[in-house]
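Asker: One structure follows; several queries about it will come next.
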């Protein structure tokens, strides 16, 4: 068992990724109401972590949520892969008369959406409380 862990570590180091140096990433799906899902993320959302984000977002939509909140309050980095997941989720929701709302409290995270021209793709609110109130 220990040999297998070392092999994975060696593989990651060979690919230029040190597992110990990567920030923690967490994703959580909550359902505060039948038609509302909250996907809370923590850490960096990039090529390596975006698939877990996409899975949680898709699960919320598949379970019937028509109003999905993506909480980026504890996110420190977002790359184009994460933006693609958000745009894809927003498109899926629009097909079912739903909507996606992003919670982004940090100016540097909000700025990424401005630079990418995604301000009109979904609402961007400063707090989770604001997003939950808008869902009512």
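Just so you know, all these numbers are worked out from the coordinates, no wet-lab data involved. As the structure is a computational prediction, the values presented were derived from the model and not from experiment. With ideal geometry, Cβ positions are generated from the backbone for all residues, glycine too; neighbour counts draw on all protein chains shown.
Asker: If I ask for residues that are under 16 Å from the mean Cα position of the chain (by Cα), assigned to a loop (DSSP other than H, G, I, E, B) and surrounded by 18 or more Cβ atoms within 10 Å (Cβ to Cβ), which ones from the range 85-136 would you list?
Answerer: 104, 122
Asker: Okay, moving on. What is the residue count in the range 40-58 for residues that are surrounded by fewer than 16 Cβ atoms within 10 Å (Cβ to Cβ) and closer than 17 Å to residue 74 by Cα?
Answerer: Residues that pass the stated criteria total 1.
Asker: Pairs under 8 Å by beta carbon, first residue without any contact (Cβ under 8 Å) to a residue 60 or more places away in the chain and on the phi < 0 side of the Ramachandran plot in the range 49-71, partner surrounded by 16 or more Cβ atoms within 10 Å (Cβ to Cβ) and in a loop (DSSP other than H, G, I, E, B), six or more apart or different chains?
Answerer: Short answer, once both residue conditions are applied: 49/25; 52/25; 61/98; 65/98; 66/98; 68/98.
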